[in-house]
1. Assess whether Val237 counts as being within 19 Å of Ser388 (Cα to Cα) and not basic (Lys, Arg).
2. Pull out all pairs, ordered by first then second residue, where Cβ-Cβ is under 6 Å, the residues are six or more apart or on different chains, the first lies in the range 379-401 and is more than 13 Å from Gly112 (Cβ to Cβ), and the second is among the charged types (D, E, K, R).
3. Confirm whether Pro203 is assigned by TED's automatic domain parsing to the domain that holds Arg63 and without any contact (Cβ under 8 Å) to a residue 24 or more places away in the chain.
4. Cβ contacts < 8 Å: first residue over 19 Å from Val359 (Cβ atoms) and assigned by TED's automatic domain parsing to the domain that holds Tyr279, restricted to the range 245-260; second residue surrounded by fewer than 19 Cβ atoms within 10 Å (Cβ to Cβ) and among the small types (Gly, Ala, Ser), any location; separation 6+ or different chain. Result?
5. Scan Glu58, Glu62 and give me the residue that is of a type outside the set (Gly, Ala, Ser), in contact with a Leu (Cβ under 8 Å, 6 or more places away or on another chain), in contact (Cβ under 8 Å) with a residue 24 or more places away in the chain and assigned by TED's automatic domain parsing to the domain that holds Thr136.
6. On the given criteria, is Gly357 without any contact (Cβ under 8 Å) to a residue 12 or more places away in the chain, farther than 21 Å from Glu58 by Cα and not in a helix (DSSP H, G or I)?
7. Could you please give the count of residues in the range 230-281 that are surrounded by fewer than 24 Cβ atoms within 10 Å (Cβ to Cβ) and either on the phi > 0 side of the Ramachandran plot or basic (Lys, Arg) (or both)?
8. Residues in the range 1-39 that are assigned to a helix (DSSP H, G or I) and under 21 Å from Ala248 (Cα atoms): how many?
Amino acid sequence: MSERTRFVLDERDMPTQWYNVLPDLPREPSPYLHPVTNEPITPDDLAPLFPMALIMQEVSPERYIDIPGAVIDVYKTYRPSPLNRAVALEKVLGLPAGVKIYFKYEGVSPAGSHKPNTAIPQAYYNKMEGTTKISTETGAGQWGSAMSIAGALFGIDVEVFMVKVSYDQKPYRRFLMETYGAQVHASPTTLTDSGRRVLEMDPNSTGSLGIAISEAVEVAMKNPDVHYSLGSVLNHVCMHQTIIGEEAIKQMEQAEAEPDVVIACVGGGSNFAGIAFPYYKRRLDGKSKARLVAVEPKACPTLTAGEYRYDLGDEAGMAPVAMMYTLGHDFVPAGIHAGGLRYHGDSPLVSMLYDTGDVEAVAVHQTECFQAAVQFARAEGILPAPESSHAIRVAIDEALAAKEAGEDKTILFNLSGHGHFDLAAYEAYNSGQLEDFDFAQGVTLCQAE
């Protein structure tokens, strides 16, 4: 076994293709439906929202899609991202030699998260089609930051609808987006019909990703020179993120190790898909037996408490209808600090694999996640994003369970971003003011007064 603890690929070894899971799914995916006609959606229906290249990727039967050279050139400014063995954390936990923890670190990107992996190609394809402006939403601000950076790099204006609770909790994310030239609004706003409708029902609404999506989609639908961009959920987004897992497979081979379990937090599903889908393919090929574990907040437990059915992707019913695990498109979760995990639904692809038993899911409270994040930070020196802390919590739990059972286990998790803009959340935890919320403490808009 190599004694190395950090595994970094040469840029010449960076993957040049994204992995598309569609050909390898256990059954045919259910089609997206038009939110008005309820009929299967067509490429022409999506054309007001997305460039045709992304629409074609959404339904492509090809297992691997070439990454454009211009995208690779930008990727190389921060990729390949490192994979580390968490030896200091292992020591703190008192793990035996047979229990090992590795993490893929996506916080090295300019946005501090995995989100540029799809923001860069989305901006590129929009630029190639002549788009002059992109409208989008963001929860904690990581996606909005990534899209703002990508827009600046490719010369596209960006308008961001940021969920109000995160807009208030994380002002420095807004400052970052604005510095890159983006226009940022606290959603729900009075700027759109969908935002005004929400505020009429609940003037004190803290917002949700479903509401912010409605506002961003409305802007794109009403302006022919504007396209919409989504940071998670859809197939093309999940596919762009698979560069994470493709790199991780090569790096774990450098480490002479094969994971028994692969873990990532899940909100819309993109960072989980990014690391898990390539390992799903590796499992199909008989090269791995890894369990794939998605971790979500108990305040928004989409997979573990939701229903598997068709639902709208946004609150106002403007986005396509998808077959997914959902808590209801009008559900507004409690204002936890992991804003990127406050989405009512989940990726249709992740949802299908959870339904078929190919993916596992667990829900955890935010205080136990922050406890794990602080323990990790003090051991490894990296401050995790609140979203990523969910993966750390379950990685530690898996390691301690293996220790207790006297089993060998190799654990790999995706550290999807750093927490440098989340210090208010850490201050709340450190001062004992951080609260836990359950699913029942959310709000359904149709019941709001």
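1. Yes; evaluated as a whole, the condition is true for this residue.
2. If the second residue must be among the charged types (D, E, K, R), the pairs left are Arg393/Glu368.
3. yes
4. Hits for this filter: Gln254/Ser2; Ala255/Ser2; Glu256/Ser2.
5. The conditions single out Glu58.
6. yes
7. Total meeting the criteria: 3.
8. Result for the range 1-39: 5.
The values are calculated or read from the model by the stated rules, or taken from the named source; none is laboratory data. Every value quoted in this text rests on a predicted model; they were computed, and no experiment measured them. FYI the Cβ positions are ideal-geometry reconstructions off the backbone, even for glycines, and counts take in every protein chain you see.
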